[in-house]
Amino acid sequence: MTLEIVGIIIILLIVALYITTYLIRKKHYRTIDELDTRKKTLMESFPTTKIQSLEKRSMSGQSRETADELEKQWDNIETQQFPAIESMLFEAEQATDRYRFKKARADQEAAKEKLTEVQTSLKLLNDRLDALMKQEEENLKRIETIKKRYHTIRKDLLAKSFSFGRSAEALEERLGTMETDFSTFSHLTATGDHEEANQLLEQLEETIHTMENYMTEIPQILTKIDEDTTEQIQEIESGYQTLKEEDYIFPDESIKEELASVHVKLESINKAISTLEIKQAENESEKLDQNIDKIYEKLELEIEAKTEVKELVSQIRKILLYLKEQNRKLLVEIDRLSQSYHLYRDELKEAEAAEERISEFDKQYIRINEQISDKKIAYSTASEQLNTLFDELEALNEKQSEISSYLTDYRESELEIKGDLEEMELAMREMKRYVEGKNLPGLPHEYLDFFFYTTDHIQKLSQVLAKPKLDMNEVYKLHELCEDDVDQLAEKTDQLVDQAILSELVSQRLYRHKNDYSEVNETIRYSRSLFTEEYDYETALKMVREKLESIEPGAFETIEKEYYKEKKYA
């Protein structure tokens, strides 16, 4: 029984192996047939007719070289690459017959790659053949378009030759060169050298495009040069000559040199146009415009400066007269005030220095004015110098105003401080009456010392102000000291009275608790001793306040708020 099973298994394996081998061979044969069909399809697309037609055509030059190259490519495909594919497919079939499937697969892949390569080569070959065979027709179409554009240019050049001026001859030469190129094209086409003819077409198209640009650009730049630029140059030369005749002076002779340079540049532009170097002509024309603008600016500067100089001469003369008079008044006022005050800001020295500067400025003004009258200075230079002088005179005027304000300040400060002195004396009397009106048992030594200290300062300020010649520096210091003292005394007075009154109010509130708290009487008694005997209202208040707060928290704040409220509206 076991042998039978083994036998059956072996038979099944043999059958399975046979079937598998059969299927693999069938798959390889199918692939080989597909590749063979693809090869036949490629063979049917061979451009045989085109190659034969190419061989019959009359060609020369680069066209002939291109045709020969294409024929070689075709010969290589037909005699080498296709036989190689057939050999690969045959080898694959033989390997399949012998069950050498690995080699068969390798040959199939190689044949497939070769077919793809040949297909690409054939497409490229076909495209190049079509292009070569159509080139003559395309070239003829292009040459006709170029000739039409050429005739349009020739017609315009003939009809409007005046618009092209000095460039007409060069344009004619370019057109003559194109006529030669047309003849060369015809010869190349007749001899079948279409490749060379195509290259010549590229050159002709570039030339005709350049010529069309010339036909637009040259009239524009010539119009600008012959009309605008030339007119500006003539205007500048005429204006310059007129100004010279009117005795205008220029800082240097640069305008004459710049005008000569303008003519040189203008000639250079004309030369560039005559040789059709249009871009160079445009660049130089732009630079020429800039040069012309600079010359215009120089002429306009002198014209405008003349008007400005005339105004400045008149203004500065008036300013000098005004400053001289002002300085004279300052010196008189300084002399008068120096009898009543010690002048501590060097007013006399500053005024004398100002007088010297006015004298120097007057000399400068006379010198510049004489140069203008004698035509020895350019208006622009005179304007610059006069403007500088004007600024310096303005600065001097500000300095004089500053000195004048200093002088005014002496008397005004004296009157203001005397008024403050009266107010401070009144404040001292009012503070004394205020304290006396509160019927306090007495005043602390510290408060009394400061009161008399302040009084002494006020008396000293009054004595200094009574001197026949005031030292305002001393006055200012004493005045400031007195103001601070009076302010502090007022603050101390308010504080002293507040503490005294609050001490009594708090004691009254605390007295309500004498039956409930035995120590209250002792606190009130001790506080009263400080109040009536030592006049220490601050400590007296502190004692009763602390005791009240320990018994009735917040009570002091209530009393204090009510007190200040009543005081505010009293």
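The values are calculated or read from the model by the stated rules, or taken from the named source; none is laboratory data. Nothing here was measured: the structure is a model prediction, and the numbers come from that model. Backbone-built Cβ (ideal geometry, glycine too); neighbour counts: all protein chains shown.
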Unique match (being within 30 Å of L343 (Cβ to Cβ) and not basic (K, R)) among N291, N327
N327
If you check every pair at least six apart or on different chains, which have Cβ atoms under 8 Å apart with a residue in the stretch 495-511 that is aliphatic (A, V, I, L, M) first and a residue that is at pLDDT below 90 and not in a helix (DSSP H, G or I) second?
V497/K438; A500/K438; I501/K438
What are the pairs with Cβ atoms under 6 angstrom where one residue, in the stretch 321-334, is within 13 Å of L396 (Cβ to Cβ) and the other, located anywhere, is of a type in the set (D, E)? Sequence gap at least six, or different chains.
N327/E355
Determine, yes or no, whether Y296 is exposed (fewer than 14 other Cβ atoms within 10 Å of the Cβ) and either in contact with a helix residue (DSSP H, G or I) (Cβ under 8 Å, 6 or more places away or on another chain) or aromatic (F, W, Y) (or both).
no
Is at least one residue of the stretch 243-264 at pLDDT below 75, assigned to a helix (DSSP H, G or I) and small (G, A, S)?
yes
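Yes/no matrix, rows are residues, columns are (1) assigned to a loop (DSSP other than H, G, I, E, B); (2) in the same structural domain as K561 (by TED's automatic domain parsing); (3) in contact with a helix residue (DSSP H, G or I) (Cβ under 8 Å, 6 or more places away or on another chain); (4) surrounded by fewer than 17 Cβ atoms within 10 Å (Cβ to Cβ):
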residue	(1), (2), (3), (4)
L510	no, yes, yes, no
K514	yes, yes, yes, yes
E522	no, yes, no, yes
R525	no, yes, no, yes
E533	no, yes, no, yes
L541	no, yes, yes, no
For the stretch 327-360, what are the residues that are among the aliphatic types (A, V, I, L, M) and not in a helix (DSSP H, G or I)?
L343
Hey, any hits in the stretch 170-189 for a residue that's within 21 Å of E282 (Cβ to Cβ), modelled with pLDDT under 75 and surrounded by 15 or more Cβ atoms within 10 Å (Cβ to Cβ)?
yes
Among the residues of the stretch 311-321, is any part of a helix (DSSP H, G or I), surrounded by 16 or more Cβ atoms within 10 Å (Cβ to Cβ) and at pLDDT below 75?
no
Filter result (crowded, with 16+ Cβ neighbours inside 10 Å and outside any helix (DSSP H, G or I)) within the stretch 361-393:
I377, A378
The residue from L415, L421, L396 that alone is part of a helix (DSSP H, G or I) and free of Cβ contacts under 8 Å to residues at least 60 places away in the same chain is L415
Would you mind telling me which numbered condition in (1) in the same structural domain as L481 (by TED's automatic domain parsing); (2) surrounded by fewer than 15 Cβ atoms within 10 Å (Cβ to Cβ); (3) touching a helix residue (DSSP H, G or I) at 6+ places or on another chain (Cβ under 9 Å) I458 fails?
(2)
Considering the stretch 454-507 alone, what residues qualify as being part of a helix (DSSP H, G or I), under 20 Å from Y344 (Cα atoms) and touching a Phe, Trp or Tyr at 6+ places or on another chain (Cβ under 8 Å)?
M472, N473
Look through V506, V497, V486 and report the one residue that is buried (at least 19 other Cβ atoms within 10 Å of the Cβ) and closer than 16 Å to K432 by Cα.
V486
